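The values are calculated or read from the model by the stated rules, or taken from the named source; none is laboratory data. The structure presented is a predicted model; accordingly, all values stated were derived computationally and were not measured. Please note: Cβ atoms are built from the backbone with ideal geometry, for glycine as well, and neighbour counts cover all protein chains shown.
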Amino acid sequence: MPWMERDAMSLRAEFVGLANSGQVAFRELCRRFGISAPTGYKWLERYRSQGFDGLQERSRRPKRSPSRTAAQLERAVVELRQQHPAWGARKLHARLVTLGFRQVPASSTITGILHRQGLVDPAESAKHKPFQRFEHAAPNLLWQMDFKGHFAMQQGRCHALTVLDDHSRYALCLNACDNERTETVQERLTQAFRRYGLPERILCDNGSPWGNDPEHPYTPLGAWLLRLGTQVSHGRPYHPQTQGKDERFHRTLKAEVLREERFADLAHCQLRFDAWREVYNHQRPHEALGMEVPAGRYRPSPRSFPERLSPVEYEPGSLVRRVNDGGRIRFKGQVFRIGRAFDGYPVALRTTLTDGVFDVLFCQFTIAQIDLKLPA
């Protein structure tokens, strides 16, 4: 399917960035983006010879000048801040360097410019303090997923589904949805998987549709992810900081998009989300990444999304039981509840080092444990 004109530039930029990573075979990446290999090679060659200017039919990038006066630089700082009111001095500095400005003033000087121009809210500035960060060692080891609190539009309410790569902070999914149902999330995740491949694990909270039973945390959505070979984890109940990066992404989305705009409907939301996601991934310097942009650290997963799932099977000789419609299995004359997410599926039982205790496996993942010595 050819690229739509309204987002062609951002798609081309994303395509060449992922192609240059070499993580996924070139023709496979073309397939994920819905373009032919000749088209992919054309845009890659244009990018290598002309940079990002080569990805658009008519360059809109300002021509570089040998030098810029202090007045010109100050004007550039002000204009960039007005385009991105939530960006601080370090982000503005890094972006001006990327845009090709020479002799960019230090971050402290930019801060002075912002104060002089009345572009700093002292109360808001005081909120931003450094904190310790943890991240996974490589892209696609963990994705964080959640819904941003829904908000009113002129027509209905928007539920913003967000998916973020833990290592790179790359925004893989920012979708305007009209509900938070399983089928809606599965459809949007399928779109992301087709483009970026499959992650090793996804972290989500404990609400619907991710899970709402602490003893049996898997839902049909979780069972589908396990069948894809993607592990599912849940944050601690009432501790949203477990998904700190996605929560931080939500605050950034609110500050840079939602606080400033009123939306007519979902189509309007999605149009704005798409434009901002391009800025967030490819232009906005990220302090946690040493002022790199997320696209500089993200690589697509080599694990491609399978359009057809294979049957759930286990090695010969495995202790296999089929989960009945109530989410239970019968084993050694007892009935154990496994979870209704696995209704109709076979599960395997594996002995542990403790006598009478068995792990319950779905595909290759341990989903429960049963103890024959305890009442079911």
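Can you pull out the residues in region 176-199 that are in contact (Cβ under 8 Å) with a residue 60 or more places away in the chain and part of a helix (DSSP H, G or I)?
The initial filter retains those residues of region 176-199 that are in contact (Cβ under 8 Å) with a residue 60 or more places away in the chain, namely 176-178, 190, 193-199.
Listed by number, the residues that qualify are THR190, PHE193, ARG194, ARG195, TYR196.
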Requested in this report: Inspect region 306-327 for any residue being closer than 30 Å to TYR280 by Cβ and not aromatic (Phe, Trp, Tyr) and give the result as yes or no.
Outcome: yes
Query raised in the report: So which of ARG58, ARG46, ARG116 ends up being modelled with pLDDT under 75 and closer than 19 Å to GLU278 by Cβ?
Result: ARG58
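Tell me whether region 266-283 contains one or more residues that are outside any helix (DSSP H, G or I), under 21 Å from the mean Cα position of the chain (by Cα), at negative phi and not assigned by TED's automatic domain parsing to the domain that holds ALA86. Let's see the steps before the verdict.
Taking region 266-283 as the starting set, the residues that turn out to be outside any helix (DSSP H, G or I) are 283.
Checking the rest, the ones that are also under 21 Å from the mean Cα position of the chain (by Cα) come to 283.
Adding the requirement that they be at negative phi leaves 283.
Those still in the list that are not assigned by TED's automatic domain parsing to the domain that holds ALA86 too: 283.
For region 266-283, residues outside any helix (DSSP H, G or I), under 21 Å from the mean Cα position of the chain (by Cα), at negative phi and not assigned by TED's automatic domain parsing to the domain that holds ALA86: present.
Check region 334-354 and report whether any residue there is among the charged types (D, E, K, R), in a loop (DSSP other than H, G, I, E, B) and within 26 Å of GLY229 (Cβ to Cβ). Write out each step before concluding.
Applying the first criterion (among the charged types (D, E, K, R)) to region 334-354 yields 337, 340, 343, 350.
Checking the rest, the ones that are also in a loop (DSSP other than H, G, I, E, B) come to 343.
Keeping just the survivors that are within 26 Å of GLY229 (Cβ to Cβ) gives 343.
Checked against the condition, which is being among the charged types (D, E, K, R), in a loop (DSSP other than H, G, I, E, B) and within 26 Å of GLY229 (Cβ to Cβ), region 334-354 yields at least one hit.
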Requested in this report: Please indicate, with yes or no, whether at least one residue in region 343-351 is under 30 Å from ARG27 (Cβ atoms), buried (at least 16 other Cβ atoms within 10 Å of the Cβ) and touching a Gly at 6+ places or on another chain (Cβ under 9 Å).
Outcome: no
Query raised in the report: Among the listed residues ALA368, ALA295, ALA275, ALA267, which satisfies the condition of being at pLDDT 95 or above and among the small types (Gly, Ala, Ser)?
Result: ALA267
Report task. Report, by residue number, each residue of region 336-356 that is modelled with pLDDT of 95 or more and aliphatic (A, V, I, L, M). Result -> VAL347, ALA348, LEU349
Query raised in the report: So which residues in region 182-201 are under 17 Å from SER21 (Cα atoms) and either surrounded by fewer than 19 Cβ atoms within 10 Å (Cβ to Cβ) or of a type in the set (Lys, Arg) (or both)?
Result: ARG195
Query raised in the report: From the list GLY290, GLY327, GLY296, which residue is among the small types (Gly, Ala, Ser), closer than 27 Å to LEU141 by Cα and surrounded by 15 or more Cβ atoms within 10 Å (Cβ to Cβ)?
Result: GLY296
**Report entry** Scan of region 183-227 for residues that are of a type in the set (Gly, Ala, Ser), within 18 Å of the chain's Cα centre (by Cα) and modelled with pLDDT under 95, ordered by number
**Finding:** GLY222
Requested in this report: Filter region 188-197 down to residues that are in contact with a helix residue (DSSP H, G or I) (Cβ under 9 Å, 6 or more places away or on another chain) and among the aliphatic types (A, V, I, L, M), then give me how many there are.
Outcome: 1
